[in-house]
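A short worksheet on the structure shown next.
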Ligand SMILES: Cc1cc2nc3c(=O)[nH]c(=O)nc-3n(C[C@H](O)[C@H](O)[C@H](O)COP(=O)(O)OP(=O)(O)OC[C@H]3O[C@@H](n4cnc5c(N)ncnc54)[C@H](O)[C@@H]3O)c2cc1C
């Protein structure tokens, strides 16, 4: 069995938004230090997860190949899935047969839609977990649009809102119901929320909130209040789950399987493991970070810098971060941006309409621009460092 091990070796698990940024920035920051970096990801294509609702609405995304994005960085790319992790031996198994030893591990496995909690969701619902899954749902939605079919979008968080509005704009013939336990946009200020609801109305989306889905059937969804809604296709966006790899490997995790980190984003049980993005449980002074690119990219930037400092024997300061905005697309022609305090609570400032569309598009394109420039300069993804990671482990 092949084994890669020599010198100081950093393995980055996961080539999504945060793994990619960590690898590229770290390569730049550790040039001429002899550090080797390997990035492991199942697909050779970089998935722009932020845009998968666009795929569901029938749009084609640009294809970005991971080897091209890494070109010139010296980062070695291994295409495969991490199937086992032995933190005591500091060894990862890829696709059951390739073993990679590491001195430092960056755990960036992200998250996927949680279809495990409601009966029928795993078998009967569509998800936006990757371009293929989003494309399958898109094909079904297009078919249904021709006959005025009904789609239920389960989950009224930002992903559900973006998916429902994008679909409604692309397929005015679809009958779309957005089902949400909370009022959609509950975390926005009054005016941004009112704008959002006017957009949902204008696009003909029925909102059913204050209720949960109890069961997904092949042609309907049952709600916890006893109602059954006809559903020719159900898109599940309610909640995310993470890979069981960390918990299975006896790395300390929270009850959802996210790696518990200290104030420097290192595992509290295995400090040679750094956790970033959706797979990291990070507690700030006001509470936990939630999975988003907005917080994920700063965790990646900080982690690349932290590893570079540790390589040089320097000290490390705690992670600092503050939220800044909640950008939400409402189809291609409308959007609403709610600006926030560091703890994600809304302030008065908001942006709507054309200016918001341009803003949102800029935000969605920022990761790829950042990767390109990070090969040569230290780009920053922090807008606000408004608060500090807690010195206590996130429990
Ligand atoms: C439709 C949609 C819209 C969104 N819009 C926004 C938005 O507007 N703003 C925002 O901030 N956030 C948004 N998000 C959330 C955002 O996409 C995630 O927070 C972000 O992708 C997290 O980055 P990550 O690197 O942690 O994980 P990911 O980007 O998911 O990357 C994880 C990577 O790990 C790989 N991987 C998984 N398992 C293994 C394994 N065993 N071995 C090797 N590799 C593995 C995956 O294939 C993937 O490439 C959206 C999400 C969705 C689904």
Cα centroids of region 48-88 and region 118-139: how far apart, whole angstrom? 19
Hey, what angle do you get for helix 293-311 against the long axis of the chain, alpha-carbon based, 0 to 90 degrees rounded to 10? 0
Could you state the angle between the C-alpha long axis of helix 353-374 and the longest principal axis of the C-alpha atoms of the chain, as a value from 0 to 90 degrees rounded to the nearest 10? 20
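Based on other C-beta atoms within 10 Å, arrange 293, 154 from fewest to most. The partial results should precede the final answer.
Numbers: 293 22, 154 27.
The most exposed by this proxy come first: 293, 154.
I'd like the FRET efficiency for residue 122 and residue 8, computed as 1/(1 + (r/R0)^6) with the beta carbon distance as r and R0 of 45 Å, rounded to 0.05. Kindly include the intermediate steps, with their values, before the conclusion.
Numbers: r = 41 Å, r/R0 = 0.92.
Once rounded, the FRET efficiency stands at 0.60.
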Label-point separation (nm) for residue 191 and residue 314, each offset 7 Å from Cα along Cα-to-Cβ? 4.3
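I need 383, 11, 55 ordered by Cβ neighbour count within 10 Å, fewest first.
Details: 383 13, 11 27, 55 23.
Ranked by crowding around the Cβ, least crowded first: 383, 55, 11.
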What FRET efficiency do you get for residue 225 and residue 136 if R0 is 25 Å and r is their Cβ-Cβ distance, rounded to the nearest 0.05? 0.25
Neighbour-count ranking for 359, 373 (other C-beta within 10 angstrom, fewest to most) reads 373, 359
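Nearest 5 percent is fine: what portion of the DSSP beta bridges confined to region 121-236 is antiparallel?
Values: 7 of 22 bridges.
If I count the DSSP bridges inside region 121-236, around 30 percent turn out antiparallel.
Divide by every residue of the chain the summed helix terms, -39500 (n - 2.57) for each DSSP H run of at least 4, and state the resulting mean residue ellipticity at 222 nm, rounded to the nearest 500 deg cm²/dmol. All intermediate terms of the calculation are to be shown ahead of the outcome.
Numbers: 10 runs with 114 residues, N = 395.
Calculated at 222 nm, the ellipticity per residue is -9000 deg cm²/dmol.
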What does the extension gain come out to for residue 355 and residue 32, with contour length at 0.36 nm per residue minus their alpha carbon separation? 111.9 nm
Label 7 Å along Cα→Cβ of residue 143; region 44-66 residues with amide nitrogen under 17 Å? 56-58
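Can you tell me how much longer the chain between residue 183 and residue 198 gets when fully stretched, taken as 0.36 nm per residue apart minus their C-alpha distance, in nm with one decimal? Write down the numbers at each step before the final one.
Numbers: separation 15, 0.36 × 15 = 5.40 nm, distance 1.35 nm.
Fully extending the segment from residue 183 to residue 198 adds 4.1 nm.
Where both partners of a DSSP beta bridge lie in the chain, what percent of those bridges are antiparallel, to the nearest 5?
Numbers: 36 of 71 bridges.
Rounded to the nearest five, the antiparallel share is 50 percent.
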Value of relative contact order over the chain, rounded to a whole percent, pairs C-alpha under 8 Å and six or more apart: 18
Quick one: grab the alpha carbon gyration tensor of the chain, order the square roots of its eigenvalues as a ≥ b ≥ c, and give me rounded if a/c is under 1.5, else prolate or oblate depending on whether a/b is larger than b/c. prolate
Using a 10 Å cut-off on Cβ atoms, rank the peptides 204-210, 316-322, 174-180 from the highest mean neighbour count down. 174-180, 316-322, 204-210
Once both axes come from the Cα atoms, what is the angle between helix 131-146 and the longest principal axis of the chain, in degrees from 0 to 90, rounded to 10? 10
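Every number in this text was worked out from the coordinates using simple rules, so none of it is lab data. The model shown is predicted, which means the values in this text are computed figures rather than measured ones. Cβ coordinates were reconstructed from backbone atoms using ideal geometry, including for glycine residues, and neighbour counts include every protein chain displayed.
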